[in-house]
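The values are calculated or read from the model by the stated rules, or taken from the named source; none is laboratory data. The shown structure was predicted, so the numbers you read here are calculated from the model rather than taken from an experiment. Glycine gets a Cβ as well: all are built from the backbone with ideal geometry, and neighbour counts include every protein chain shown.
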Amino acid sequence: MRTNNGKVKNIIISVYFILIVLSILLATVFSAFQDLTPNPYLTFFIILGIFIFLFVSVYFVSKYFEYDSDGVKVVLLNRGLLLADHFNYREKKVEFDKEKLVQFRIYNYVLYKQLAIWLNRSTGSKKKYTFNVTLVTRKKRKYIKQSLSKIIKENRKLHKQ
C-alpha cells in the first residue's frame, strides 16, 4: 500500500500567506493595540511573540509523510513541506524488511499526531522511530494502521512456526 499527504502543501502555503498578511496588517494598525498595556514596547513584544509562536507551530506540524509497504520492504518518509524540492532538510527516512517490525503505535496529542514504530535490530534489541503524521487524513492513518497490523500479524505467524 502506498500513501502520502502531498495535497496538504497548498494548505500550508495558504496558512503561511495568511499569517504574513495578518502580521503586516497588525503592524500597520499597531496603534489600535496600544491600549492593551501601558508600555508600547510590551504590546509590540506580546504581538510579536504570538506570531512567532504561530509560525513555529505551523513549521513543526507541517511535514510531508509517505508510506510504502509494497514489496519486501516498508518505507516511511518524513520531510519538510516547504522548500523540500530544493533543499533536503528535516528528512527522516526508514526502510526496513517487514520481518523486523515488532510493534507500532499512533499517538494523538492535541495538535500533533505521531506514528511510532519499533524494529528489531540484529543485536536483538529494539529501536524506536517516530514520524509526524499530523497532516495525514484520518482515513489514510486508518489504512496505515491496518497495513502495519497485518504485517505484525504475519510476523507473529512466522515466529510461531
### Task
Give me a count of the residues in the range 118-139 that are modelled with pLDDT under 95, of a type in the set (D, E, K, R) and surrounded by 14 or more Cβ atoms within 10 Å (Cβ to Cβ).
0
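Conditions tested, residue by residue: (1) touching a Gly at 6+ places or on another chain (Cβ under 9 Å); (2) small (Gly, Ala, Ser).
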position	(1), (2)
90	yes, no
103	no, no
112	no, no
115	no, no
122	no, yes
148	no, no
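Residue 132: within 19 Å of residue 2 (Cα to Cα) and in contact with a Phe, Trp or Tyr (Cβ under 6 Å, 6 or more places away or on another chain), yes or no?
Values: within 19 Å of residue 2 (Cα to Cα): yes; in contact with a Phe, Trp or Tyr (Cβ under 6 Å, 6 or more places away or on another chain): no.
Judged against the criteria, residue 132 is not a match.
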### Message
Just the residues that are polar (S, T, N, Q) and either assigned to a strand (DSSP E or B) or in contact (Cβ under 8 Å) with a residue 40 or more places away in the chain (or both), please, taken from the range 150-161.
### Response
155
#### Entry: Residues located in the range 117-147, provided they are assigned to a helix (DSSP H, G or I) and of a type outside the set (Phe, Trp, Tyr)
138, 139, 140, 141, 142, 144, 145, 146, 147
### Residues that are outside any helix (DSSP H, G or I) and in contact (Cβ under 8 Å) with a residue 24 or more places away in the chain, drawn from the range 94-108
94, 97, 101, 102, 103, 104, 106
### Task
Of the numbered conditions (1) assigned to a strand (DSSP E or B); (2) more than 30 Å from residue 157 (Cβ to Cβ); (3) touching a Leu at 6+ places or on another chain (Cβ under 8 Å), residue 79 fails exactly one; give the number of that condition.
(3)
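Per-residue answers, yes or no, for (1) at pLDDT 90 or above; (2) over 18 Å from residue 9 (Cβ atoms); (3) within 18 Å of the chain's Cα centre (by Cα):
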{"position": "70", "(1), (2), (3)": "yes, yes, no"}
{"position": "75", "(1), (2), (3)": "yes, yes, yes"}
{"position": "82", "(1), (2), (3)": "no, no, yes"}
{"position": "87", "(1), (2), (3)": "no, no, yes"}
{"position": "96", "(1), (2), (3)": "yes, yes, no"}
{"position": "116", "(1), (2), (3)": "yes, yes, yes"}
### Within the range 1-14, tally of residues that are under 18 Å from residue 55 (Cβ atoms) and surrounded by 15 or more Cβ atoms within 10 Å (Cβ to Cβ)
3
### Task
Output the residue which, of all residues in the range 147-161 that are polar (S, T, N, Q) and surrounded by 11 or more Cβ atoms within 10 Å (Cβ to Cβ), is modelled with the lowest pLDDT.
155
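What tally of residues in the range 104-113 results from selecting those that are surrounded by 14 or more Cβ atoms within 10 Å (Cβ to Cβ) and more than 15 Å from residue 64 (Cβ to Cβ)? Reasoning before the result, please.
First, pick out the residues of the range 104-113 that are surrounded by 14 or more Cβ atoms within 10 Å (Cβ to Cβ): 104, 106, 113.
Right, trim to more than 15 Å from residue 64 (Cβ to Cβ) and you get 104, 106.
Qualifying residue count for the region: 2.
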